[in-house]
Amino acid sequence: MDILFRKNEISGDTALIVGVYEDLALSKTAKKIDEQVNGSLAKALKIAGFSGKIGDLYDFIALDSLPVKRLVCVGLGKKNAVDELAAQQIGARAANALLTSGETTVAFAVDDLPAAPIGFGAKIASYRFTKHKTVFKKPVTVKEFHIMTDKAQIAQSRYEPYFAVAKGIHTARDLVNEPANAVTPAAFAKRAEELQKYGLMTEIYTPDQLRAKGLNMMLGVAQGSVNPPRLVVVQWRGCPNDKNTHVVLVGKGVTFDSGGISLKPAKGMEDMKEDLAGAATALGTLQTLAMRKAKVNAAAVMAMVENLPSGTAQRPGDIVKSLSGITVEVVNTDAEGRLILGDALWYAQERFKAPVVIDLATLTGAIVVALGTRYAGLFTNSDELGARLEKAAADSGEKVWRMPMDDEFDEQIESDIADIRNTSNAGRAGGSITAAAFLKRFVMPETKWAHLDIAGVALQEKNAPLTPKGGSGYGVRLLNRYIQDNLEK
Ligand code: BES
Ligand code: MN
Ligand code: ZN
């Protein structure tokens with residue numbers, strides 16, 4: 001669905017959406033229509049119990065007296081209280097109202113509301129992953145979503161950066177939604193390469209190169225699968241005269257997590273195609289930065305592997321030497337994310353020496369138990385970075401919740417025969433925190449580091465206004481916002 005901005009013009013064949021505030025305060029265009037039907041619009045809404053709250057909808061179909069083909073009223077909430085995030089919600093609800101209605105073009109008269117975030121909300125709400133479907137029950141029919149505003153030109157230019165964010169989100173969603181037979185580590189690398197058309201630089205490292213470098217934790221996880229691993233490094237250099245890299249995103253990219261020899265139960269295992277969501281979000285964010293030509297130098301380091309059991313698979317109890325030199329006892333092959341991230345974090349820091357490193361990972365089931373499906377767990381060694389990410393979360397609508405991250409947990413990952421082990425020696429208690437404690441061992445003291453555990457938020461089981469069920473693209477908005485507000489020149 002395309003978002004187009006144009007000036008307010010309606011005719012008899014328009015499928016029109018208008019806004020109504022709480023207490024039935026009509027927006028400008030709603031009032032105009034109401035006058036043309038002698039006040040019966042307001043009367044009908046009152047009888048229908050229309051509240052005007054965000055989320056409230058009323059669909060008038062084929063009323064002869066209406067000056068349009070079809071009219072939908074959407075709630076706008078309290079008058080003068082439509083901020084950035086409310087506008088996104090309103091756009092999403094307006095788009096969803098007629099998305100599968102059979103209409104191909106719809107027009108939303110937004111009057112003086114912020115048009116660009118409304119367009120963004122509509123755009124990301126209209127996302128569907130239909131690539132593998134040949135039969136459709138309720139296809140999206142709307143091709144053009146017209147946003148009618150007096151300042152169409154200004155709205156169009158304000159929408160451009162939002163469009164970049166939407167495209168980054170859609171890339172991340174696509175990669176999570178694709179099954180593991182479609183997105184192997186090599187296939188992911190190829191997609192990253194395709195994004196070079198936006199000005200990104202992509203490097204892809206094969207198993208031989210990883211062996212030469214010494215990313216043995218990553219290779220150990222990958223060794224059970226016939227689909228070989230890839231380390232994918234993508235850079236956006238928006239400040240070409242500056243040699244420094246200002247931020248590195250490190251992504252967990254397990255294209256399928258069966259658990260390996262420590263095999264997961266069958267129930268729900270299909271969801272483990274989502275285990276590359278951290279890498280997908282890192283890549284989507286870089287795409288967004290490139291598309292909006294952000295004045296920042298950013299890199300993404302994505303560790304792509306498939307975790308499968310086989311005769312060549314890593315065994316519980318194996319000891320591997322990480323890139324950092326730390327030796328690790330692999331007690332449970334299902335705690336694979338921290339293994340690949342340990343190497344990827346070390347590589348990222350040695351290579352780029354960036355002051356800020358943020359990793360994203362569907363790391364633990366425990367974070368889903370702790371925080372549910374809307375909050376990501378935030379772990380950091382820097383209160384300042386933590387506060388900045390919390391601010392970006394509040395402003396972008398992608399929520400985080402700060403989790404503890406102190407030395408208290410370090411002894412739980414001590415191993416009897418290696419330096420550390422990949423699971424806690426204290427059972428399941430605080431499973432997300434011990435995972436973070438493991439990652440911390442691969443963070444250099446000078447690095448401001450944050451870890452986002454996105455296991456609960458990456459794949460949604462239910463439709464929400466801005467996020468149809470499936471891959472959510474969580475993190476693109478949050479990180480784009482963090483970078484925009486804190487790192488751009
Ligand atoms: N990929 C999983 C975590 C996960 C769980 C992601 C649910 C998305 C939804 C991770 O690799 C894993 O298996 N973690 C184990 C760790 C345990 C073996 C210490 C877990 O959480 O059970
Ligand atoms: Mn696992
Ligand atoms: Zn995993």
key: Per-region count, region 422-462, residues free of Cβ contacts under 8 Å to residues at least 40 places away in the same chain, touching a helix residue (DSSP H, G or I) at 6+ places or on another chain (Cβ under 7 Å) and open to solvent by 10 Å² or more (accessible area, probe 1.4 Å)   = 3
message = Please go through (1) assigned to a helix (DSSP H, G or I); (2) open to solvent by 60 Å² or more (accessible area, probe 1.4 Å) for Asn38 and return the number of the only condition it doesn't satisfy.
response = (1)
note = Taking first residues from region 196-225 that are under 20 Å from Val330 (Cα atoms) and second residues anywhere that are buried (at least 17 other Cβ atoms within 10 Å of the Cβ) and hydroxyl-bearing (Ser, Thr, Tyr), the pairs with Cβ under 6 Å that are 6 or more apart or on different chains are Met217/Ser322
request  = Inspect all residues belonging to region 161-172 and state whether any of them is exposed (fewer than 15 other Cβ atoms within 10 Å of the Cβ) and either over 14 Å from the mean Cα position of the chain (by Cα) or without any contact (Cβ under 8 Å) to a residue 24 or more places away in the chain (or both).
outcome  = no
inquiry  = Exactly one condition in (1) in contact with a Pro (Cβ under 6 Å, 6 or more places away or on another chain); (2) surrounded by 16 or more Cβ atoms within 10 Å (Cβ to Cβ) is false for Glu84; which is it?
reply    = (2)
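Is it the case that region 69-79 has a residue that's among the small types (Gly, Ala, Ser), assigned to a loop (DSSP other than H, G, I, E, B) and surrounded by fewer than 19 Cβ atoms within 10 Å (Cβ to Cβ)? Give the derivation first.
The initial filter retains those residues of region 69-79 that are among the small types (Gly, Ala, Ser), namely 75, 77.
Retained after the next criterion (residues that are assigned to a loop (DSSP other than H, G, I, E, B)): 77.
Filter again for surrounded by fewer than 19 Cβ atoms within 10 Å (Cβ to Cβ), leaving none.
No - not one qualifying residue is present in region 69-79.
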message = Tally up the residues in region 229-285 that are within 13 Å of ligand 2 (Cβ to nearest atom), surrounded by fewer than 23 Cβ atoms within 10 Å (Cβ to Cβ) and not in a strand (DSSP E or B), please.
response = 10
query = What number of residues within region 286-319 are within 16 Å of ligand 2 (Cβ to nearest atom), open to solvent by less than 40 Å² (accessible area, probe 1.4 Å) and either among the charged types (D, E, K, R) or over 26 Å from Val234 (Cβ atoms) (or both)?
reply = 4
message = I need a count of the residues in region 202-218 that are open to solvent by 10 Å² or more (accessible area, probe 1.4 Å) and within 22 Å of Ala280 (Cβ to Cβ).
response = 6
key: Residue ID - farthest from Ala344 (Cα to Cα), chosen from residues in region 274-309 that are near ligand 1 (Cβ under 10 Å from one of its atoms) and charged (D, E, K, R)   = Glu274
query = Residues of region 105-142 being surrounded by 12 or more Cβ atoms within 10 Å (Cβ to Cβ), part of a loop (DSSP other than H, G, I, E, B) and not small (Gly, Ala, Ser), which ones?
reply = Val110, Asp111, Leu113, Pro114, Tyr127, Arg128, Phe129, Pro139, Val140, Thr141, Val142
request  = Run down Ala344, Ala361, Ala392 and say which single residue is in contact with a Phe, Trp or Tyr (Cβ under 7 Å, 6 or more places away or on another chain), in the same structural domain as Gly214 (by TED's automatic domain parsing) and open to solvent by less than 10 Å² (accessible area, probe 1.4 Å).
outcome  = Ala392
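The values are calculated or read from the model by the stated rules, or taken from the named source; none is laboratory data. Computed from a predicted structure; not experimentally measured. Positions of Cβ are backbone-derived with ideal geometry, glycine not excepted, and every protein chain shown enters the neighbour counts. SASA here: full protein model, heavy atoms, side chains in, ligands and nucleic acids out. Shrake-Rupley method; radii C 1.70, N 1.55, O 1.52, S 1.80 Å.
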